[in-house]
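Single-structure report; data block below.
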Amino acid sequence: MALPVVAIIGRPNVGKSTLVNRLAGAKEAIVYDQPGVTRDRTYQTAFWKDREFQVVDTGGLVFADDSEFLPHIREQALAALAEAAAAILVVDGQSGPTESDREIATWLRQQSVPVLLAVNKCESPEAGIIQAAQFWELGLGEPYPVSGIHGSGTGELLDALVSHLPAMSELEADDEIRVAIVGRPNVGKSSLLNAFVGESRAIVSPISGTTRDTIDMVVSRGEQRYRLVDTAGIRKKKNVSYGPEFFSINRSFKAIRRSDVVLLVVDAVDGITEQDQKLAGRIEDDGRACVVVVNKWDAVEKDSHTIYDYNRQIGAKLYFLDWAKRLYVSALTGQRVPKILDAVDEAVAQHRRRVSTSVVNEVLEDAVSWHTPPTTRQGRQGRIYYGTQVTTQPPSFTLFVNDPKLLTDNYRRYIERQFRENLGFEGAPIRLFWRGKKMRDLDRDSVNRATKV
Ligand code: GDP
Ligand code: GDP
């Protein structure tokens, strides 16, 4: 899976590396793991909405100066740009446009890559707009005022940026569903993997994943192909000497991040543990579709209450995943194993589903009629103007309101429940974003307070 690359370009000291760290959430730089390719540029992975990409700091681009090492830097920038899906030209809002900026801009306009203009060091919202406006002259379209140090303005910049990048789902072969099988040791992950492989029997091919020691396996059922992510991670313990207690949660987190849908495998005999809860929390945080697979169902002594008791226990402990389907299976006997891929298909369809704005607003109107937003002691009442689904994977909705502070957590949860009840989306987490009419101003105010000099 090759992620699209975003090249950060600009003369030295404008704040490129600060901005790169900000966009990548200051995660550690990853070493590009491609056999035979040496790269001395630093790539960092970044995420925004449903997009994932790599940001590369080109290290500074100067045309006028001809000191000895500059040709090398320029070469780096050119090489980075050659493979980039988009570029961000960073300029310094406090110093205003310089001759170097103009030269770089002129050159960038001749390249075929889309370019965004980030005017950095704009901590002050009022001054920032004026500082940014000076850069219209570069002819690169709208200048975005940002502050790499404080993070302000980067949301707008990223929104504009990701419109130039392919969605994650488009990065993969479209017909492929990426499935991560995660769970504690000994819950039956490799038994399930073998069951899938046995069931599909068509193509089973190991494919190298994103790093050298991950192996994905592709199986197919009918027309549908499933990429089982990081099967090496599942099987590893069999030929490695660490004890059965070894459990690489980070490896599981990586697999979750690379998947469309996660099979969280838990053990019916042991019940839900803290490790299961950690994984569940991450699945929800990352916005992945999910199916909870309760394995070893054959080993449970059952009476007429058993299923009820289990559902209650699991529901209480995995409350983050109350939207996920639960399947009681046995990898050993094969009971209900074929249902797992059916549930995967359904969860993925829900994860990708889009509902029209009119349907969203019908649900909202109804919800508000049943239960109006709360009023503060000062007599101010929350108002929801309208809502719309902004993205899928996971399905995300923006609700435009008079003032998000007036919509209490309780009320928000109520609306979320109404969305669930009326819109379904079983198998997919959903997100609600509450946006005030004047949210922009509110954000700016808080930035302003933080940077008051
Ligand atoms: P690069 O050479 O373009 O990679 O620039 P750096 O990221 O190393 O930053 C150069 C200088 O600008 C450093 O002293 C930073 O602290 C400063 N700087 C970077 N971003 C900002 C910002 O958003 N606001 C302000 N005021 N200074 C910044
Ligand atoms: P993993 O560590 O999660 O990959 O777990 P394994 O697939 O290696 O299974 C661990 C142990 O549980 C093995 O001894 C399996 O035979 C056993 N096991 C796996 N699935 C089932 C099941 O559905 N029922 C029962 N009774 N045992 C199972």
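The values are calculated or read from the model by the stated rules, or taken from the named source; none is laboratory data. For clarity, every value in this text was computed on a predicted model and none was experimentally measured. Virtual Cβ from ideal backbone geometry, glycine too; neighbours counted across all protein chains shown.
Would it be correct to say that Lys325 is over 25 Å from Ala428 (Cβ atoms), among the charged types (D, E, K, R) and in contact (Cβ under 8 Å) with a residue 40 or more places away in the chain? Steps first, please.
Details: over 25 Å from Ala428 (Cβ atoms): no; among the charged types (D, E, K, R): yes; in contact (Cβ under 8 Å) with a residue 40 or more places away in the chain: yes.
No, not satisfied.
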Conditions (1) of a type in the set (A, V, I, L, M, F, W, C); (2) away from ligand 1 (no atom under 16 Å from the Cβ); (3) touching a residue at least 24 places away in the same chain (Cβ under 8 Å); (4) farther than 30 Å from Tyr226 by Cα -> Trp136 fails only (3)
Of the residues in the stretch 277-313, those that are over 28 Å from Phe397 (Cα atoms) and touching a residue at least 40 places away in the same chain (Cβ under 8 Å) number 5
Per the filter on the stretch 311-332, residues at pLDDT below 95, of a type outside the set (A, V, I, L, M) and outside any helix (DSSP H, G or I) are Asp322
Over the stretch 242-253, the set of residues away from ligand 2 (no atom under 14 Å from the Cβ) and modelled with pLDDT of 90 or more is Phe253
Selection over the stretch 140-152 where residues are surrounded by 22 or more Cβ atoms within 10 Å (Cβ to Cβ) and free of Cβ contacts under 8 Å to residues at least 60 places away in the same chain yields a count of 3
- For the stretch 345-364, state whether one or more residues are aliphatic (A, V, I, L, M) and under 18 Å from Asp267 (Cβ atoms). no
Expected single match for out of contact with any strand residue (DSSP E or B) (no Cβ under 8 Å at 6 or more places or on another chain) and surrounded by 13 or more Cβ atoms within 10 Å (Cβ to Cβ) among Asp309, Asp270, Asp298 is Asp298
Q. Does Ala105 fit the bill of being within 20 Å of Ser17 (Cα to Cα), within 14 Å of ligand 1 (Cβ to nearest atom) and among the small types (Gly, Ala, Ser)?
A. no
Within the stretch 335-371, the residues that are out of contact with any helix residue (DSSP H, G or I) (no Cβ under 9 Å at 6 or more places or on another chain) and of a type in the set (Val, Ile, Thr) are Val344, Val348, Thr357
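Considering each residue of the stretch 375-427, count those that are in a helix (DSSP H, G or I) and small (Gly, Ala, Ser), and give that number.
Narrowing the stretch 375-427 to residues in a helix (DSSP H, G or I): 404-406, 409-423.
If we keep only those that are small (Gly, Ala, Ser) too, we end up with none.
Residues in the stretch 375-427 being in a helix (DSSP H, G or I) and small (Gly, Ala, Ser): 0 in total.
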Picking from Asp285, Asp298, Asp303, Asp342, the residue that is away from ligand 1 (no atom under 16 Å from the Cβ), outside the structural domain of Arg420 (by TED's automatic domain parsing) and part of a loop (DSSP other than H, G, I, E, B) would be Asp303
Selection from the stretch 119-139 of residues surrounded by fewer than 20 Cβ atoms within 10 Å (Cβ to Cβ) and of a type in the set (A, V, I, L, M) yields Ala127, Ile129, Ile130, Ala133
